[in-house]
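The values are calculated or read from the model by the stated rules, or taken from the named source; none is laboratory data. Remember, predicted model here, so these are calculated numbers, not experimental data. Cβ coordinates were reconstructed from backbone atoms using ideal geometry, including for glycine residues, and neighbour counts include every protein chain displayed.
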Amino acid sequence: MNRLDGKHVVISGAGTGIGRAIAQRLAAEGARLTLLARDEARLRDVVPGATTRACDIRDRAAVFAAIDEPVDALVANAGTGGPNPAGKDDRWDEIVQTNLFGTYWCCRAVEQQLPEGGRIVITSSILARIGVAGYTAYCASKAGLLGLTRSLAAELAPRRIQVNAICPGWVNTDMAWQGLDAFDGLTREEAFEVAMREVPLGRMSEPEEIAGTVAWLLSPDAVGVTGQAIDHNNGAFMI
């Protein structure tokens, strides 16, 4: 099913994990891709034939230089995680600059290149919905992305540009397992068991499942869906 035939999609943070799965799914649906990451070498084997560009999304000028041609959609997926304990090791600036500022620059850069009816999908997190001790920067930045999503959706609606976010929970990526490894006094297997007790379906998502939700949001099937945060987290957050 090639719902995205001929569509040019920019994906940030496409080298690993969810971003890599998104790139491969969209390519399978016919999209032409431009892939962004700080380490361009990671991008070269993601999708054969895709355009790859090194880009630190915290650098406004670099983002605008990287997104410099007409595109049909943006998947603003790049981000960083982990705790930011108070004190000398506080990572507030790094996390907020990447997750919130960087995503904003990507959206503003692509806004100039999108046609009427274009799409933007932003990767937020279940931690935009709930508070986790020690993760103030991550929770705050991901919650900020939901406000950004709603505001941009309203702002760009006159051009029929749809802007949505996804809120994954536990996903089988290196970032998730690093989070489980940080559970004090528990083995990885014990930490996984504890974490899954808070998930109604009792499972982690796979990156390919999140990619399927993104593909739907970019497809004609999702026409009329805008300003929404899609909770793809196995029931860990329910409204």
- [ ] Identify all residues within the range 111-164 that are in a strand (DSSP E or B) and touching a Leu at 6+ places or on another chain (Cβ under 6 Å); write none if there are none.
- [x] R119, I120, V121, I122, V163, N164
TODO: Working only within the range 117-148, note down all residues that are of a type in the set (A, V, I, L, M, F, W, C), in contact with a strand residue (DSSP E or B) (Cβ under 8 Å, 6 or more places away or on another chain) and crowded, with 22+ Cβ neighbours inside 10 Å.
DONE: I120, V121, I122, A128, L145
TODO: Give T103, T98 a once-over and let me know the one that is within 12 Å of the chain's Cα centre (by Cα), more than 24 Å from G212 (Cα to Cα), in a helix (DSSP H, G or I) and modelled with pLDDT of 95 or more.
DONE: T98
TODO: Would you check which residues across the range 66-95 are among the β-branched types (V, I, T) and part of a strand (DSSP E or B) and list them?
DONE: V75
- [ ] Confirm whether G15 is free of Cβ contacts under 8 Å to residues at least 40 places away in the same chain and in the same structural domain as W92 (by TED's automatic domain parsing).
- [x] yes
- [ ] Take the range 173-216 and flag every residue that is part of a helix (DSSP H, G or I), acidic (D, E) and over 16 Å from V132 (Cα atoms).
- [x] D174, E189, E190, E193, E208, E209
Task: the range 9-55, residues that are surrounded by fewer than 24 Cβ atoms within 10 Å (Cβ to Cβ), of a type outside the set (G, A, S) and in a helix (DSSP H, G or I) - done: Q24, R25, E40, R42
